[in-house]
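Each remark here refers to the structure printed beneath this line.
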Amino acid sequence: MGTFIVRRLLVALGVALTISVVSFMLLHLSGDLATSIAGPEATAEQVAQIRTEYGLDRPIVSQYLDWLGGALQFDFGRSYYYQSTVVELIVERMPITLTLGGLALGLAVCISIPLGVVAALKRDSWVDRLALLFAVVGQAMPSFWFGLTLIVVFAVTLKWLPAAGSGGLEHFILPAIALGYYATPAMMRLTRTGMLEVLESDYIRTARAKGLSTTAVIFKHALRNAIIPVVALAAVELGFMLGGSVVIESVFSLGGLGQLAWDAISRNDYPVVQAVVLIIALFYIVLTLLADIANAALDPRIRTR
Amino acid sequence: MPLLDVQDLRVDLPVEAGTLHAVRGIDLSVERGEMLCLVGESGCGKSMTSLALMGLLPRRARLSAGRLDFDGESLTALSERRRGQLRGRRMAMIFQEPMTALNPAYTLGNQLCEAFLRHRLGNRRQARERAIELLERVGISAAAERLAQYPHQLSGGLRQRVMIAMALMCDPDLIIADEPTTALDVTIQAQILRLLRDLQQELGTAVIFITHDLGVVARIADRVAVMYAGEVIETAPTQALYANPSHPYTRGLLSCIPAPGKTPPGSRLQAIPGVVPSLVGEVEGCAFRNRCPLVREGQVDAARCERTPELRQLAGAHQARCHYAEHRAATRVVQPELSP
């Protein structure tokens, strides 16, 4: 298990470096940064001045190494737009995104796994059909529209919960439902398929032949094996929710990382874009790593191969 | 009183085309400490019979039985709860595929101790001690270390030994072994067979051994029941069956076994021509008549075979389901070697 984790960590490090190189290059290849920072009305001298000031006239490799050197010490430079460092901006926004993503994933797991198990156990019954309907609706409905509907019903009409802002936990309930519902169908259906497959397997028959109770057969022997692919999917979903919650964050005016990235892109705030891209990539890497470790803990065939 | 007494056991499965009569009224009895072999080709209902005895039939299957008594207690009258207390405790099962019959996610120790703990035969330490003792008994070295291993770390033969140890954990009265050696290499097969027979004789456990291989039967069984198309068509003590096979199907099966030194090299391997009749819907008359060499060669009155034959007493405990069981056909039967 130890060597397994070390090996995975080394791979993760390589992936992180690659992403930082690629995103840095892409940003610098997307056009002349100095021109877009200076704006459409700037004179040639102003552009040239910005170019020297921001070090954009130096070779791209040395620019990258400078940036990497800073990044390794958690120094991502200053925002071109806000009067603060990039790190301050990210530290300020991160808790919002983490809370939203964590709540949404928790909600999705709590609904999708039990629902998937019940749907598999009661295959082709009305419960199964209802779960399928729930999944299809979730997959078909745009999340911004569902978010707006939630606001109309629970914030405007019923006045139970606030519609916007990020002051307290109550502000996160509606966005977490909107974001979590989006992640539920895939996990629910994967759980259902996995359970159906596992319940047919020989070792379930062995478990029943031992006289074990139905509960032990389902939860100890079946779910443990059916859940393995769901863990990996949940990690990807969480990564998506942390990085891709731009839409939900703007619908509910939650100033999280997604919104920061969006604003930074539209304001040509390159240091912020670069840092947020790296942070979101790191989320994915860490989550995939955690999923691999969780999978290895669940499936002995992975860790002792 | 026999340990297991089954009369007129029937298992029906609803299928698209109607009802599949997988088991069509079989009678079985197993004495304590006896080894009964249930022989037949694929689809003859032998696995369905074993699942019916264990109470592990698929939910859609319908079971009926004139009598289904285990140790004097009617199994059909038991609640699912009481049935669960019997299963794994007093009747255990060994399955065909050792590669998939163990849960890949749990250690051998965990899976071995499970039934022992479920049936409250002792605490964890006692369960562990019993698991080690049984692993050693089935010929697994370094038993204590094996408990921490996972199924994928073991070969097929070792896993089947673990399955046998697992079945023995609660010291059952009856073990049902469903083709336990079919998936194994020939050399491993012989080892596992010997192990099962030794254990059965030493512990006095009754065993129902299910196989399609009459060669295996000769080496281990006390008594044989040959199944065809969901029925028992011949049953006899092993010696009597080999000395005097009375149903044309049994004779056909025996002639299919090549015997070293007796079957001339280069000669054609014997096979029974034709296929098993469909068991969807009612089967009228003798189920074997469309493949029967006696009928084909005109040695018997085919019209009589249109009537369903009864399982008739021949001599002693020898019974056969054939109107012409006393007819000695010219089918060459090679006697397989009987074990001493």
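Helical content of chain B, expressed as a calculated mean residue ellipticity at 222 nm, amounts to -8500 deg cm²/dmol (DSSP H runs of 4 or more residues, -39,500 (n - 2.57) each, divided by residue number, nearest 500).
Of all aspartates and glutamates in the structure, those lying under 17 Å Cα to Cα from residue A:220, and not within fewer than 8 positions of it along the same chain, are A:197, A:200, A:202, A:299, B:114. For chain A, adding -39500 (n - 2.57) for each run of n ≥ 4 DSSP H residues and dividing by the number of residues yields -23500 deg cm²/dmol at 222 nm. Entry note: chain B has Rg to Rh equal to 0.99, where both radii use alpha-carbon atoms and Rh is the Kirkwood radius.
Of B:26, B:140, B:94, the residue with the greatest mean-square motion in the GNM of chain B, using alpha carbon springs below 10 Å, is B:140. How about residue A:159: which aspartates and glutamates have a C-alpha closer than 14 Å to its C-alpha, ignoring those fewer than 8 places off in the same chain? Excluding near neighbours in sequence, the set is A:170.
With a ≥ b ≥ c the root eigenvalues of the C-alpha gyration tensor of chain A, is it rounded (a/c under 1.5), prolate (a/b larger than b/c) or oblate? Oblate, because a/c is 1.5 or more while a/b does not exceed b/c. Coupling constants for the range A:100-115 follow from the phi torsions by the Karplus curve (6.51 cos²θ - 1.76 cosθ + 1.60, θ = phi - 60°), and in residue order they are 4, x, x, 4, 5, 5, x, 4, 4, 5, 5, 8, 6, 5, x, 5 Hz; glycine and proline get x. In terms of the Cα gyration tensor, with a ≥ b ≥ c the square roots of its eigenvalues, is the range B:225-294 rounded because a/c is under 1.5, prolate because a/b exceeds b/c, or oblate? Oblate.
Under the rule a/c < 1.5 gives rounded, and otherwise a/b versus b/c splits prolate from oblate, where does the range A:1-138 land using the Cα gyration tensor? Prolate. The Cα atoms of the range A:163-288 define a convex hull whose projected area, averaged across directions, is 9.9 nm². In order along the range B:215-222, the Karplus-derived 3J(HN,Hα) couplings, from 6.51 cos²θ - 1.76 cosθ + 1.60 at θ = phi - 60°, round to x, 5, 4, 4, 7, 10, 7, 7 Hz, and Gly and Pro are given as x. Largest GNM mean-square fluctuation among B:301, B:222, B:213, using chain B with Cα springs under 10 Å: B:301. In the range B:111-237, one over the average inverse separation of all distinct C-alpha pairs is 15.8 Å, which is the Kirkwood hydrodynamic radius.
Centre-to-centre separation between the Cα atoms of the range B:211-228 and those of the range A:96-149: 54 Å.
Between the range A:197-250 and the range A:15-36, what is the C-alpha centre distance in whole Å? If you average the Cα positions of each part, the centres end up 39 Å apart. Here the range B:229-271 and the range B:56-124 have alpha carbon centers that stand 34 Å from each other. Shown are A:128, A:202, whose ranking by accessible area with a 1.4 Å probe and every protein chain present, most to least, is A:202, A:128.
The values are calculated or read from the model by the stated rules, or taken from the named source; none is laboratory data. If you're wondering where the values come from, they're calculated on a predicted model, not measured in any experiment. The area values use the complete protein model at the heavy-atom level, side chains included, leaving out ligands, DNA and RNA. Shrake-Rupley method; radii C 1.70, N 1.55, O 1.52, S 1.80 Å.
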